[in-house]
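> Take a look at the following structure, please.
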């Protein structure tokens, strides 16, 4: 296609010379047509840089500073479809993170292997709340991002749902690392996990590593907590190659039973797959009643569990009756 246009531009001046004999307006026409032909040649022969990339029809917004990251929540709330890509490590020192709002993020977040560090989440609510770096996601693809030195202090007078993703529906989360962080979560009821507070639907969560983190969870009534996800309602979710090596302390003041798992707190739904999971967490539960599992605190009788022998628990579980 490009060669045809270039050959056309080479022969065009000869053709125009014969065409314009005896025509007083020939010079003006000639200049106009030659200029147009040159522009056409450049258009087809030279790659044109785009200001914003296009991936699956969505605009890609590059994040290269803390200010850019803060704007992400506003963009998610107002834009129709946007993807985001980190171009460097982001230091959030001095910023209070408010989450990404109530509109679900449905795009792609490509961390490119970079780290978001020194993130502070400090929120208090009078009613139910869903809090996380992403508050809600739906059919999102989040991958290749690290979080380091997060400080989270979240409380509510209702139900507190908390995780790096507060509430996730479908989609995929891959290659996410969270380390050296401190999480304090409190509520009348609590559904919390390191990665996802409430995980719903189908999708893949793979190559997830939590290490060197501290979780201090307090509930006055019901509590579901897992090293990766607090409450899971699975149509066809798969957790694969995930590691939890954290210190977890849960205190429940009410009479209800607390459900705590090294990987997942409570699991309901149709079927769930667990592949190559490792939990080395130190789990301490202070509650009148508690059901604590190496990998899952509680699984519904009707849920089909597909688990491989490569899953390993070598942590420690302590239940203090209060």
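The values are calculated or read from the model by the stated rules, or taken from the named source; none is laboratory data. Here the structure is a predicted model, which is why all the values come from computation and not from measurement. Glycine gets a Cβ as well: all are built from the backbone with ideal geometry, and neighbour counts include every protein chain shown.
> Check the range 187-194 and report whether any residue there is under 19 Å from residue 274 (Cβ atoms), at pLDDT 95 or above and in a strand (DSSP E or B).
Yes: one or more hits.
> Follow-up. What is the residue count in the range 254-265 for residues that are without any contact (Cβ under 8 Å) to a residue 60 or more places away in the chain and within 26 Å of the chain's Cα centre (by Cα)?
The number of residues fulfilling the criteria is 5.
> Assess whether residue 205 counts as being surrounded by fewer than 17 Cβ atoms within 10 Å (Cβ to Cβ) and either more than 18 Å from the chain's Cα centre (by Cα) or part of a strand (DSSP E or B) (or both).
Criteria not met by residue 205.
> Test residue 122 against the criterion of being at pLDDT below 95 and farther than 24 Å from residue 247 by Cβ, and give yes or no.
So residue 122 does not fit the description; no.
> Just a yes or no: is a residue in the range 143-156 over 17 Å from the mean Cα position of the chain (by Cα) and in contact (Cβ under 8 Å) with a residue 60 or more places away in the chain?
No, because not a single residue in the range 143-156 is over 17 Å from the mean Cα position of the chain (by Cα) and in contact (Cβ under 8 Å) with a residue 60 or more places away in the chain.
> Can you tell which of 121, 116, 90, 102 is in the same structural domain as residue 75 (by TED's automatic domain parsing) and surrounded by fewer than 18 Cβ atoms within 10 Å (Cβ to Cβ)?
That would be 102, the only listed residue that is in the same structural domain as residue 75 (by TED's automatic domain parsing) and surrounded by fewer than 18 Cβ atoms within 10 Å (Cβ to Cβ).
> Residues of the range 250-270 being in a strand (DSSP E or B) and surrounded by fewer than 18 Cβ atoms within 10 Å (Cβ to Cβ), which ones?
Within the range 250-270, 257, 268 meet the criteria.
> When you go through 271, 251 one by one, which is the residue that is more than 22 Å from the chain's Cα centre (by Cα), assigned by TED's automatic domain parsing to the domain that holds residue 202 and closer than 15 Å to residue 221 by Cβ?
None of the other options fit; the residue is 251.
> When residues of the range 272-298 are filtered for being over 26 Å from residue 177 (Cα atoms) and not in a loop (DSSP other than H, G, I, E, B), how many remain?
Result for the range 272-298: 4.
> Are any residues in the range 299-318 surrounded by 17 or more Cβ atoms within 10 Å (Cβ to Cβ) and in a strand (DSSP E or B), and if so, which ones?
299, 313, 317
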